[in-house]
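The values are calculated or read from the model by the stated rules, or taken from the named source; none is laboratory data. All figures in this text were calculated on a predicted structure; none of them were measured in a lab. Counting neighbours? That spans all protein chains shown, and the Cβs are built from the backbone with ideal geometry, glycine included. Heads up: the accessible areas ignore ligands, DNA and RNA and are worked out on the full protein's heavy atoms, side chains in. Shrake-Rupley method; radii C 1.70, N 1.55, O 1.52, S 1.80 Å.
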Protein chains: 2
Amino acid sequence: MLGEFETIARLFAPLAKGWPGAFQLQNDAATLGLEPGEEAVLTLDTMTEGVHFLPDDPAELVAKKLLRVNLSDLAAMGARPLGYLLSLAKPKERGEDWIEGFVSGLREDQALYGLHLLGGDSTSIKGPLSLSLTAIGKAPAGKALTRGGARPGERLYVTGTVGDAALGLKILSGEALGLGGEDRDHLAGRYRLPQPRTALGPNLIGLASACLDVSDGLVGDAAHIAEVSGVGLEIAAEAVPLSSAARQALAADRSLLETIVTGGDDYELLFTAPDSAAGRFDALSREHDLPITPIGRVTEGAPKVTLLDESGRELAITKGGWTHF
Amino acid sequence: MLGEFETIARLFAPLAKGWPGAFQLQNDAATLGLEPGEEAVLTLDTMTEGVHFLPDDPAELVAKKLLRVNLSDLAAMGARPLGYLLSLAKPKERGEDWIEGFVSGLREDQALYGLHLLGGDSTSIKGPLSLSLTAIGKAPAGKALTRGGARPGERLYVTGTVGDAALGLKILSGEALGLGGEDRDHLAGRYRLPQPRTALGPNLIGLASACLDVSDGLVGDAAHIAEVSGVGLEIAAEAVPLSSAARQALAADRSLLETIVTGGDDYELLFTAPDSAAGRFDALSREHDLPITPIGRVTEGAPKVTLLDESGRELAITKGGWTHF
């Protein structure tokens, strides 16, 4: 085992290269400057072994998931990622090979998303791995997207496809869902490694009125927008964009609709925007090679999310699936 | 037990009041703006139960220590505190009363140090409490203090008194050190609750050439300045400022000198400055009611810390204490 200082110098300091304000991780703290008219955007997510990941999950994957769930929060605010601080509380039993894998995952994703390690703390814990990451991005001052700006009459949009991660978790738990290997792999991959919408997010500033990332599930996260904005939201079930794999699974078992609209971990962006912005989303969708699908409307009234069937009737959750009221 | 959202709304959201960019903790991330000519300063420290604090330490005290070790890092950079993000990984067995105590400690220290909760994550862990805090401050752009600026010929200074925390830990472990109750309480208090030099720190910008906070011990932290600055450091043992309690303990047992100069957790500022700045430190010392003591010199040569006795002879560590070479 390397000592703390050696580990930092050899493994972590290279991740800070390229950010002068990280002082090669030799300082008490890091510095971060902004251009006039910019503001910093900060978010933090924590993952613990046995709760958010399994003890034998590859260290590279754990590192990437930790980083990406934070990048997804930045994307939801319309912020461009700059860097992060890392908290690593590690039991003695985890050796240097684990740290090397973890660092290699961070290194790959830093290159992919264009950000740097600014600082952090590596310490020991008398228990499971406990990881926390603070991500820092930047956005035009006063323009960052929030959950609070949805207005009645606006449309509700979601990026990508919905429900893949929740179906992927079922597949990783041993359910085949009547799918072939390729489809099963697609869904499992969507659960194991989020694809934060970091490239699209900043382009939604000035267009979207409210935005968040879908981590708790489509209906649950829509409810966050409804509550904070003080509006109702209607979602047309048949408009919810599904991957080919999810469509097949749903065709074989209609009760999976519940999993699809309430399951978490998709890390797509869910946002509202006035009709006047609609034309822009087609262009952004092509530019980012990412579906941007209108799935509903913002309504007047009590903060509530309503799921509607093809004929506009309300669908309600019951044990084992969704039914009409 | 409260659910996650209720706990956040009832206990944590009040800590975010007064910082509009925290969006009442209802958003994916927080925003932070800076004035022109300022830069953000970021640091992170992690504490785990059974390693950095004991299972039955009062929750208020754990909260304050977590916050203050981070504020000490900001002070060492010359940064003024603005806010923080909190990571709380809590086992199920810790009830709401623990969180209430923890929040009350944060609330008191927020008022004392003038900062706000910006965001964070509260989650569960299948093991001991794991806490991490990211503190954010601000400093004049490009002027933040680092460990890298010490130059031969400059003086070495330390604030407050040295060694109290390490002696306090001995007292909490049951050693009386020949001291009366009041002296024992003073030392134990210095270990249990750091007093970060947040008010002084920003005043050292433009005066100190290198600075850090003493968390690893006087000699160990001096070595960090020596290494990063590429200089030698000579410390005069008799010049090291001691509290009355530490002086008495040392008079009774000279071997405690080792504990005093190598023990950690004092959270005083250790810094270098040219002779031309010397006059300013008397005034700052009076203004902040805090001793600022010259304890040595920066020298040419290999990065190394040398401890000298009254006659200028080098003292070396041996098992059980310090001796002459």
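Values computed for the structure shown
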read-out	value
Segment A:228-277, residues that are within 14 Å of chain B (Cβ to nearest Cβ), more than 20 Å from the chain's Cα centre (by Cα) and in a helix (DSSP H, G or I)	A:229
Of all residues making up segment B:54-64, the number that are open to solvent by 20 Å² or more (accessible area, probe 1.4 Å) and either facing another protein chain (nearest Cβ under 8 Å) or touching a strand residue (DSSP E or B) at 6+ places or on another chain (Cβ under 7 Å) (or both)	1
Residue A:270 vs. criteria at pLDDT 95 or above, closer than 19 Å to residue A:310 by Cα and of a type in the set (A, V, I, L, M)	no
Flag if residue B:48 is under 16 Å from the mean Cα position of the chain (by Cα), touching a residue at least 12 places away in the same chain (Cβ under 8 Å), crowded, with 23+ Cβ neighbours inside 10 Å and within 20 Å of residue A:47 (Cα to Cα)	no
Given (1) closer than 20 Å to residue B:21 by Cα; (2) free of Cβ contacts under 8 Å to residues at least 60 places away in the same chain; (3) open to solvent by less than 10 Å² (accessible area, probe 1.4 Å), index of the condition residue A:74 fails	(2)
Residue match in segment B:68-89 (condition: at pLDDT 95 or above and over 24 Å from residue A:85 (Cα atoms))	no
Total residues in segment B:212-225, condition more than 12 Å from chain A (Cβ to nearest Cβ) and either over 25 Å from residue B:171 (Cβ atoms) or touching a Leu at 6+ places or on another chain (Cβ under 8 Å) (or both)	3
Checklist (1) open to solvent by 10 Å² or more (accessible area, probe 1.4 Å); (2) in contact with a Gly (Cβ under 6 Å, 6 or more places away or on another chain); (3) at pLDDT 95 or above applied to residue B:247, failing item	(2)
Which listed residue, of B:179, B:112, B:106, is over 28 Å from residue B:29 (Cβ atoms) and of a type in the set (A, V, I, L, M)	B:179
Options B:193, B:207, B:242, B:200; residue that is farther than 20 Å from residue B:302 by Cα, in contact (Cβ under 8 Å) with a residue 60 or more places away in the chain, among the hydrophobic types (A, V, I, L, M, F, W, C) and touching a Phe, Trp or Tyr at 6+ places or on another chain (Cβ under 8 Å)	B:207
Matching entry among A:312, A:279, A:321, A:296 (being within 26 Å of residue A:215 (Cβ to Cβ) and at pLDDT below 95)	A:321
Matching residues, segment A:291-316, being among the aliphatic types (A, V, I, L, M) and under 17 Å from residue A:155 (Cβ atoms)	A:292, A:295, A:298, A:305, A:307, A:308
Tabulated pairs, segment B:18-38, first more than 7 Å from chain A (Cβ to nearest Cβ), second assigned to a loop (DSSP other than H, G, I, E, B) and surrounded by fewer than 19 Cβ atoms within 10 Å (Cβ to Cβ), C-beta under 9 angstrom, 6+ apart or interchain	B:21/B:33; B:24/B:17; B:37/B:141; B:38/A:33; B:38/B:141
Qualifying residue in segment A:270-278 (condition: of a type in the set (A, V, I, L, M), buried (at least 18 other Cβ atoms within 10 Å of the Cβ) and under 21 Å from residue A:165 (Cβ atoms))	yes
Filter result for the condition that a residue is within 13 Å of chain B (Cβ to nearest Cβ) and either hydroxyl-bearing (Ser, Thr, Tyr) or in a strand (DSSP E or B) (or both), over A:41, A:51, A:69	A:41
Test set (1) open to solvent by less than 30 Å² (accessible area, probe 1.4 Å); (2) touching a Ser or Thr at 6+ places or on another chain (Cβ under 8 Å) - residue A:226 fails condition number	(2)
